[in-house]
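A.B. asks: Take this structure first; my questions come after.
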Amino acid sequence: MNHPSTAREALILEALGEVAAVIERVEALAPMLDASHRALVEASAGLADQVTAFEGRMAGITENAKLIAVKHIARRTDEMARSSLDAQTRAMEEAARALFRAEVGPALQRLTMPLQNLAERCGPPWERWLTHTATAAVASAATLALAAHLWAR
């Protein structure tokens, strides 16, 4: 090969040598870039499969969480409804007792007082039975006398 005659030619030859080295390095990089590209594509496909599996697991977990939450809400609602019903029942019973004491009790007292007074004026109960017995005996005797009179004729 001829030696460069000027500095310019020397620089050009030097630059061409470096460009050739860069081209060789780039050409050596191409298979590595291809392998890297294939590895990235495979990783992307694997990641897509993992994401699909992850979505399926997350859907299952979400459904389970919803089911548990609904059961919990239903249980708490039932507990609250029962306690509310018990509280309302107790309140209504207490209100009924208070109403009975305040309104019905005195009215019943006013109604029973005349009946008690009447029972006290009539005397003991055996006197009333004695009156009824005497009436029955007199009626029987009168019937017997009438029957005997009619039979004797």
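A.B. asks: To the nearest 10 degrees, how steep is helix 125-152 against the longest Cα principal axis of the chain, on a 0 to 90 scale?
C.D. replies: Approximately 50 degrees, to the nearest ten.
A.B. asks: I've got another one for you. Can you give the helix-only mean residue ellipticity at 222 nm for the chain, where every DSSP H stretch with n ≥ 4 adds -39500 (n - 2.57) and the sum goes over all residues, rounded to the nearest 500 deg cm²/dmol? List each step's numbers first, then the result.
C.D. replies: Numbers: 3 runs with 139 residues, N = 153.
That calculation yields -34000 deg cm²/dmol at 222 nm.
A.B. asks: Here's another thing I want to ask about it. Radius of gyration and Dmax for the stretch 7-93's Cα atoms, expressed in Å?
C.D. replies: 35.8, 117
A.B. asks: Once fully extended, how much extra length lies between residue 23 and residue 73, figured as 0.36 nm per residue of separation less the alpha-carbon to alpha-carbon distance?
C.D. replies: Fully extending the segment from residue 23 to residue 73 adds 11.0 nm.
A.B. asks: Using alpha carbons only, how many degrees (0 to 90, rounded to 10) separate the axis of helix 7-99 from the longest principal axis of the chain?
C.D. replies: With rounding to tens, the tilt is 0 degrees.
A.B. asks: Right, another one. Rounded to whole Å and ordered largest first, report the semi-axes of the equivalent ellipsoid of the chain derived from its Cα gyration tensor (root of 5λ). Mind dumping the intermediate values first?
C.D. replies: Values: eigenvalues 3380, 107, 10 Å².
Its equivalent ellipsoid spans semi-axes of 130, 23, 7 Å.
A.B. asks: Determine the distance separating the Cα centre of the stretch 1-70 from the Cα centre of the stretch 95-153; give it in Å without decimals.
C.D. replies: Centre-to-centre distance over Cα atoms comes out at 117 Å.
A.B. asks: Over all alpha-carbon pairs in the stretch 55-143, figure out the percentage whose distance exceeds 21 Å.
C.D. replies: Working: 2782 of 3916 pairs.
Roughly 71 percent, rounded to a whole number.
All of the numbers you see were taken from the coordinates with simple rules; none came from a lab. This structure is a prediction, so every number in the text was calculated from the model and none was measured.
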